[in-house]
Amino acid sequence: MKVLNLIIKQKFFDLIISGEKKQEFREVTPTTVKKYLQLDEEGYEKEDENGYAIPIKYDAIRFFVGYNKDRDSALVEIKDTICEVEFNEFGNPIIYEHEGEEWVRETMVYTLGKVLEKSIK
């Protein structure tokens, strides 16, 4: 099983455990792109036939509450993953610059399934 580890706030953790929060969103940044998206040999995002970035296939997310060693955690099934491009009010992709390179603002959307295991401290 391929697992993505993420830090989360207690209030969102509680909503996921209760089943109220069914999606988790993460911004794709130049420092996190390797964690979320498939890259080619040159380090660029791989795209599908429609030009959308291809997410790394994870089976589950292990959520950790905060950074303390003694913290709540849970392993939650991922039902679906997409990478959404963010658009401005004119319908154009939002572009920003990082270290001289142009980046498109993207957000990972993880649709959550069953809580497979949990550890409440």
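Summary of values
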{"item": "Exclusive hit being basic (Lys, Arg) and free of Cβ contacts under 8 Å to residues at least 24 places away in the same chain, set Lys9, Lys2, Lys34", "result": "Lys34"}
{"item": "Test: residue in region 104-121 that is open to solvent by 80 Å² or more (accessible area, probe 1.4 Å), over 25 Å from Gly19 (Cβ atoms) and assigned to a loop (DSSP other than H, G, I, E, B)", "result": "no"}
{"item": "When residues of region 1-25 are limited to those that are of a type in the set (D, E, K, R) and not in a loop (DSSP other than H, G, I, E, B), the one surrounded by the most Cβ atoms within 10 Å (Cβ to Cβ)", "result": "Glu24"}
{"item": "Which listed residue is of a type in the set (Asp, Glu) and at positive phi, from Glu99, Glu27, Glu89", "result": "Glu99"}
{"item": "Failed criterion for Lys69 (all others in (1) in a loop (DSSP other than H, G, I, E, B); (2) at pLDDT 95 or above hold)", "result": "(2)"}
{"item": "Residue satisfying condition, being over 15 Å from Ile16 (Cα atoms), small (Gly, Ala, Ser) and surrounded by 10 or more Cβ atoms within 10 Å (Cβ to Cβ), within set Ala60, Ala74, Ala53", "result": "Ala53"}
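The values are calculated or read from the model by the stated rules, or taken from the named source; none is laboratory data. A quick note: this is a predicted structure, and the numbers were derived from the prediction, not measured. Please note: Cβ atoms are built from the backbone with ideal geometry, for glycine as well, and neighbour counts cover all protein chains shown. For accessibility, only protein heavy atoms count, side chains too; no ligands or nucleic acids. Shrake-Rupley method; radii C 1.70, N 1.55, O 1.52, S 1.80 Å.
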